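Read the structure below first, then the notes.
The values are calculated or read from the model by the stated rules, or taken from the named source; none is laboratory data. The structure displayed is predicted, hence computed values, not measured ones. Note that each Cβ is placed from the backbone with ideal geometry, even for glycine, and that neighbours are counted across all protein chains shown. Just so you know, the surface numbers come from the protein's heavy atoms only, side chains and all, with ligands and any DNA or RNA stripped out. Shrake-Rupley method; radii C 1.70, N 1.55, O 1.52, S 1.80 Å.
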Amino acid sequence: MTPLTAEDRLFLKEFYRAVMDAPLSPDDPRYVRLYEDHDALGVDPVELLEQTISYVDDSVQLLAGFRGIGKSTELRRLQKRIESADGKVVLIDIAQYINMSTPIDVSDFLMSITGAFGMALEDDKFLGKSGLDESVWERFRSFLGSIKLSEFSAEIAAKAKTDVDVAGISKGAEVSAKLGLKGSFKEDPIFKERVQKHMAGHLGGLVVEVHKFFEECIKALRKKYGNGVKVLMIVDSIEQIRGTFTNGTEVQASVENLFAMHAAELRIPGLHVIYTIPPFLKVRYPNLGSLYPAGAVQMFPAIKIKDKNDNVATSGKDALVELIKKRHSRATHLLSDAQMERMVAESGGHLRNLLRMVAEVIRRAKKLPVDDWVITQALDQMRTELLPIAENDALWLAQIAITHKAALEDQSNLIQLARFFDTNMVLCYRNGPEWYDVHPLIRGHVLQLAKEVQAARAAKKEHG
């Protein structure tokens, strides 16, 4: 075996860094125009989102997508398209403001997005630090003071590490100071629960003040950029909210309550809003989109690389081979086209899984190009991360693999289904109606295990 040269090692280092998972800008040379250049992949979710924004003055759209499927990257494509039409887009990563493993409440959610939006506008590409009338913040501060949020001001001051006035709100420029709540909501669930209870009787007033705040912000933007400017707020990462084994049901119920019971509060007059939501919410609350003026919930599915009958979907396969090649100009120095197609097939069309497979191959490369056994090792590593599978889970997963339906018999089992989604054991596809399948890495194992479990249980029943 010819040892790797210094040049080879530099190539592998560059390639490894290039496949590290992170949202890409549409201007990045590694970006692949999956929906724009590959028509067979189906309807472009970004185009549907953009059309709604172009038709109405304000809207709320819900976007469901599995983690690692490329949703955040595609939202950046939407951002560029809106900005190219002279619109303004505020992109908020809600994970920076709330604890993703505790129940979420409409009051702290509204306060979090309000503070994040106000802070974003201080950037020079929007209004700048002097562009938003201080009275807007003062009014919001006064409201919080009027409901005696000052009861918590000492705790807020300690957590925000800033001076806090009687309303519990600092006059500093940072959002953690302006709301004084960011760190408290995210890091201290007990504090968060106390504030939620305190705010329960003031939700109507809070909604009025939040809407007034956004109204003033939009007026300021239109004064600077013209009355016709479209303003879009994207609240990303909500789909990452999940509980633990002890509170998963409660957390899921809180997410359902937020979007199903507070649709009116989440609509901001004059503002276009996109909220990302966890895929389980579509299963837990059918027809959720009907509660919002824009209608349907958009879904970012996995890239379809086969149909329900296991026939290869050439367009999806070619798109993902292109994705690997675009990560490095010398990708074929590491992998042959046949090896790339093998990994694409085993990825299930899940982008993060595919990139991780390539990374595993790079880590194991001893010569260039790599041998097929290196691909096998990498796939085995990925497979072991999804195993072992409990017997009851195997039976359920086998049913999904055969019927291509979520096969949720009872709402009490939703936490397990959410786990299947979160761990990519189950993937969603779309060609016409949405359908589901078990990840290719474990599909054969699941079907065999389910068969053995059924046989063992039948034999046990027969022999008493």
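The trypsin sites (Lys or Arg not before Pro) of segment 386-455 that meet both conditions, a loop assignment by DSSP and at most 16 other Cβ atoms within 10 Å of the site Cβ, are LYS405. Accessible surface for LEU291 stands near 70 Å², nearest 10, in the context of the full protein assembly shown (1.4 Å probe).
Keeping all protein chains in place and using 1.4 angstrom, which order do ASP307, ASP318 fall into by accessible surface area, from largest down? Don't skip to the end; give the middle numbers.
Numbers: ASP307 40, ASP318 70 Å².
I get ASP318, ASP307, largest accessible area first.
Less than 13 Å Cβ to Cβ from ASP8, Lys/Arg counted +1 and Asp/Glu -1: what total charge do the surrounding residues give? Net local charge, ASP8 excluded: +3. With the gyration tensor restricted to C-alpha atoms of segment 18-89, the semi-axes of the equivalent ellipsoid amount to 21, 14, 13 Å, longest first.
Counting only heavy atoms of protein chains, what accessible area per residue, in Å², does segment 39-88 have with a probe of 1.4 Å?
I get 40 Å² per residue for this part.
Estimated at the nearest 10 Å², the accessible area of LYS306 is 50 Å² with a 1.4 Å probe.
Largest to smallest in accessible area, the residues MET261, MET20, MET357 fall in the order MET261, MET20, MET357 (1.4 Å probe, all protein chains included).
Taking amide H as placed 1.01 Å from N in the peptide plane, the amide H of VAL90 sits under 5 Å from that of LEU232, MET233, ILE234, each at least 5 places away or on another chain. Using heavy atoms of the protein chains and a probe of 1.4 Å, the accessible area assigned to HIS333 is about 70 Å².
Stokes-Einstein D for segment 200-338 at 37 °C, 0.692 mPa s, Kirkwood Rh over Cα pairs, in µm²/s? Approximately 170 µm²/s, per Stokes-Einstein.
Taking amide H positions as modeled 1.01 Å from N, with prolines and chain starts lacking one, the residues under 5 Å from ALA64 and 5 or more places away or on another chain are ILE277, GLN298, MET299, PHE300.
Express the C-alpha Rg of segment 367-464 as a ratio against the empirical globular expectation 2.2 N^0.38 Å, rounded to two decimals.
Details: Rg = 16.2 Å, N = 98, 2.2 N^0.38 = 12.6 Å.
That ratio works out to 1.29.
Rg then Dmax, both in Å and based on the Cα atoms of segment 286-400: 17.5, 57.
Measuring max minus min along each principal axis, the C-alpha atoms of segment 235-294 give extents of 40, 21, 17 Å (largest first).
How about segment 206-294: which chymotrypsin sites (Phe, Trp or Tyr not before Pro) there lie in a loop by DSSP and see at most 16 other Cβ atoms within 10 Å?
Passing both the DSSP loop test and the Cβ count: PHE245.
Backbone geometry of segment 312-326 corresponds, through the Karplus equation with coefficients 6.51, -1.76 and 1.60 at θ = phi - 60°, to 3J(HN,Hα) couplings of 5, 8, 4, 4, x, 4, 5, 4, 7, 5, 4, 4, 5, 5, 6 Hz, x marking Gly and Pro.
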